[in-house]
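Every number here is computed from the coordinates shown, using simple stated rules; none is lab data. What you see is a predicted model; the values in this text were computed from it and never measured. Methodologically, a virtual Cβ is constructed for each residue, glycine included, from the backbone with ideal geometry; neighbour enumeration extends over all protein chains shown.
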Amino acid sequence: MYDELIDSGDLSIARKSVLPGTGFFLPDTLEDDLEDEQTAAALEGADVAVIADPDADGLACVALIREAYNDVQQIPEPDGEPTDASDAADAVDDADEETVSLAGEADEPLGEPEPTPHTVALIPASPHNVEDALARVAEYGDEGIDIFVCDLAPDRYEYVEEELEAALETGASVEWYDHHQWGDDVAASVRDAGATLVVGDSDKECSADVVYRSLEYEFGPMYEELATVTRDHDLWLREDPRSDDLADYAYWTDPVEYVEVVREYGVDLPDWVREFLEERRVEKEALIEQAVGRSEFRDIGGYSVGITYGRCSQNEVAEAMREQGADASVVVKPAGSASIRGTDEFQLCHKVAGKVNGGGHPKAAGCKPDIYDDMLDYANHWTTRGAVTKQVILDAFRDVVAEADAADDEQADE
């Protein structure tokens, strides 16, 4: 296949909006080989491994842990161009919403290794491949390494059972910090295996908050502010405009760069980063406009559900649908995944996602329905703007609302 056929960098906004990024078309075997190489390089000589979701929340956890371990700082050159991972968040689609992550949407899905090995190694992962990251740390990490897992939650324990066991055999410890909705049985199994698990209240804390309060280290005010501002976006509070800057910067740059920049500058990003964000936001707003323009609304059990399709920043699109009256919103992505957003009126997003191969929070969740058997299914997905995926998710909404109504009726009869 010619490179230009899968290179989305030069596409018009209209076409870029409906097609996945270049990384989607990379074979899993190629990505696996590259990730093996990069993990081995990152872990060479490392005393600590941090497996983290590479969104602003997960990367803030890495910054906190590096500070606690007095890890060396590597500050990018202020007069240089930031590392442009070009839609890197599509590589961990919806990661900033603590949901399903897909490694196939980025234009350049794998970041560059850090120039000098850290004693605290960053191993990016998604909820759907956390077990792979655990296995790689077990294989390539030195005996006795400290292992942290941050901002990631497995849907079922059996998904990570063997890999966690291997990591515990290699590492001196495994500490797991998160704020997602955990099943009691999954949490109990992780703890019974020997890991230290701390799960924060998903309505009040982000994972950075959990790490900040859990580590036995006296963090300075800069890191307290980092956790606070990260929470502002991660819980979609949006009371501090700097939180959008953090989220966008984590979305667009390489995880390696993000961690070191916030360690140096905190939440007040330098001018060269702000200039970078301003440039990228031109395209971001155009993609948002495309997705909002496709939005439709359905009445499901008395709730207005907005649904659309497009490669875009799902939070802003969901907010636009909320402003048009949606109690819940769905943004279906070209790679087949979807973001589900709720409001105070609808707080069952995790239940909906759970019916279509996903999970998350009551007001923010994600999924990737298991309906893609071959590339013809994906071709249909792109040309119909996600018609089948939309229908599957709307059916899940109907089931969840019906179940909630039945539970309310049963409770009223008691």
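Considering the chain as a Gaussian network with a 10 Å cut-off on Cα pairs, which listed residue, 397, 148, 219, attains the greatest mean-square fluctuation?
The residue that fluctuates most here is 219.
Among 352, 18, which comes first, then next, by fewest other beta-carbon atoms within 10 Å? Show your work: numbers first, answer last.
Details: 352 28, 18 19.
Ordered from fewest to most neighbouring Cβ atoms within 10 Å, 352, 18 come out as 18, 352.
Beta carbons within 10 angstrom, averaged per residue: use that to sort the peptides 185-198, 52-65, 250-263, highest first. Don't skip to the end; give the middle numbers.
Values: 185-198: 15.4, 52-65: 31.3, 250-263: 25.0.
Ranked by mean Cβ neighbours within 10 Å, highest first: 52-65, 250-263, 185-198.
Identify all lysines with a Cα-Cα distance to residue 204 below 21 Å; exclude those on the same chain that are fewer than 8 residues away in sequence.
Counting by Cα, and skipping residues close in sequence, residue 204 has these lysines nearby: 351, 363.
Please state the Cα pair-distance histogram of segment 287-413 with 10 angstrom bins from zero: what percent is in each bin?
Distribution as computed: 14, 47, 30, 7, 1 percent.
Where q = 0.08, 0.10, 0.14 Å⁻¹, what log10 of I(q)/I(0) comes from the Debye formula for segment 3-269, counting one point per Cα?
-0.29, -0.46, -0.94
Just need the relative contact order of the chain here, percent rounded to a whole number, with Cα pairs under 8 Å and 6+ apart.
Over the chain, the number comes to 17 percent.
Give the cysteines in the chain for which no other Cys Cβ lies under 4.7 Å away, or write none if there are none.
Unpaired cysteines in the chain: 206, 312, 349, 367.
Most mobile of 214, 126, 304 per a Gaussian network model of the chain (Cα springs, under 10 Å)?
214
With r defined as the distance between the Cβ atoms of residue 3 and residue 398 and R0 fixed at 41 Å, what FRET efficiency is calculated, to the nearest 0.05?
Values: r = 43 Å, r/R0 = 1.05.
Working from the Cβ atoms, E equals 0.45.
Could you work out the helix-only [θ] at 222 nm for the chain, with each DSSP H run of four or more residues adding -39,500 (n - 2.57) and the total divided by the number of residues, to the nearest 500 deg cm²/dmol?
-14000 deg cm²/dmol
Which percent, nearest 5, of DSSP beta bridges in segment 3-269 are antiparallel?
5
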